[in-house]
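Below: the structure, in structure tokens.
Laboratory data are not the source of any read-out in this text; all were calculated from the coordinates shown. The structure presented is a predicted model; accordingly, all values stated were derived computationally and were not measured. Glycine also receives a Cβ, built like all others from the backbone with ideal geometry; neighbour counts cover every protein chain displayed.
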Amino acid sequence: MVQQLLHRHPALRPYVKDILVLEGCEQVISSNSFRFYADGCPGIVFQQSVRSFTLNEERYPSMSIFLYGQTLKPVHIATDGRFRIVIFMLHPYAIRPLLGLKADELTDTCFDLGELPTLSGVSLLEGLSQTDCVTDQVETIASCLLRMLQLNYPKADRMLDFAVSRIRASNGHASLVELQKTLHISERTFERRFEQYIGISPRLFARICRFQSTLKQLTGRKYEKLSDVAFDNGYADQSHFTRSFREFTGFSPLKLHRFPDPFAENRSSIY
């Protein structure tokens with residue numbers, strides 16, 4: 001499997017965090033399986049394969065493109081044979097300004113983007129099907145998003161950007177009360193802005209950031225004992241850490257310790 005990160009279009013940098021491309025070139029029929037865990041970021045997935053693929057056991061056509069919101073439950077993508085997956089990993093607050101959609105209505109669900117119009121007048125999915133060059137496909141998606149930006153005229157939300165940056169930089173440990181005081185807003189206003197633009201509460205977003213910190217430490221093998229990971233990330237004890245980790249992955253940290261996930265290890269360097 002080939003995995004690469006592509007450069008973002010300059011105008012999309014406030015909204016697109018990274019562009020990840022996964023490709024499998026096997027000619028023989030082989031099974032490919034990927035698991036994605038909560039990371040606080042929505043995204044856009046373009047999937048192309050010789051056969052249909054499954055997303056959380058629901059079957060999709062061999063070519064499709066969709067937007068996913070905040071993922072709280074593990075996401076499992078499986079396909080057979082040759083495939084290509086292009087993921088536009090968006091910043092946490094990007095859904096509403098970029099696509100004009102309500103983020104809280106997309107949490108743990110997807111929205112089909114195949115019928116979005118492109119600059120050439122054809123649908124986004126049709127435009128993607130007209131080339132097999134991944135660079136051209138990425139440019140097609142980027143051009144469509146740029147057009148949506150022009151239609152939506154989004155305004156920068158510096159308050160939300162500041163809060164998200166502080167929470168992520170602290171791996172979820174930033175005091176939400178202190179953030180509210182710094183921004184001179186009430187707790188209710190703070191929560192409402194998060195739910196509208198990010199799709200979840202600030203408290204849950206902070207928990208996800210802390211989970212991602214533990215996942216990165218586990219996949220990077222930067223610990224001696226599992227209890228080290230728990231205490232390094234501010235959990236009261238091992239049981240609290242295990243319960244939180246299982247909530248976002250479906251399994252215990254001990255399982256990841258014993259059976260490393262190569263895909264998770266590679267992706268951990270992105271965050």
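Quick check: pseudo-label points 7 Å beyond the Cα along Cα→Cβ at Lys255 and Leu101, how many nm apart are they?
2.9
Give me the distance in nm between label points sitting 7 Å out from Cα along the Cα-to-Cβ direction at Asp237 and Tyr223, one decimal.
So the two model labels end up 1.7 nm from each other.
Starting from the Cα gyration tensor of the range 1-150, take the square roots of the eigenvalues, sort them a ≥ b ≥ c, and report rounded, prolate or oblate (rounded when a/c is under 1.5, otherwise prolate if a/b is larger than b/c, else oblate). List each step's numbers first, then the result.
Details: a/c = 1.61, a/b = 1.22, b/c = 1.32.
In terms of gyration-tensor shape, oblate.
For Thr54 and Gln196, what is the calculated FRET efficiency with R₀ set at 41 Å and r taken between the beta-carbons, to the nearest 0.05?
Working: r = 32 Å, r/R0 = 0.77.
So the FRET efficiency works out to roughly 0.85.
Enter the Cα centre distance for the pair the range 205-236 and the range 71-136, rounded to the nearest angstrom.
30
Relative contact order for the chain: what percent, with Cα pairs under 8 Å and sequence separation of 6 or more?
On the way: 468 pairs, mean separation 46.6, N = 271.
Relative contact order of the chain: 17 percent.
Rounded if a/c is under 1.5, else prolate if a/b beats b/c, else oblate: with a ≥ b ≥ c from the C-alpha gyration tensor eigenvalues square-rooted, which is the chain?
It comes out oblate by the Cα gyration axes.
When a footprinting reagent is the concern and you count Cβ atoms within 10 Å, what order do Thr54, Thr214 take, fewest first?
Values: Thr54 14, Thr214 25.
Placing the least packed residue first, the sequence is Thr54, Thr214.
Can you sort Phe88, Phe66 so the residue with the fewest Cβ neighbours within 10 Å comes first? It would help to have the intermediate numbers written out before the result.
Details: Phe88 26, Phe66 17.
Listed from fewest to most nearby Cβ atoms, that is Phe66, Phe88.
Give the relative contact order (percent, whole number) for the range 112-207; include only Cα pairs under 8 Å separated by 6+ residues. Intermediate results must be reported in sequence, preceding the final value.
Working: 62 pairs, mean separation 16.9, N = 96.
For the range 112-207, the relative contact order is 18 percent.
In straight Cα distance, which lysines are under 21 Å from Lys222, not counting same-chain residues fewer than 8 positions off?
Leaving aside lysines fewer than 8 places away in the same chain, those within reach of Lys222 are Lys255.
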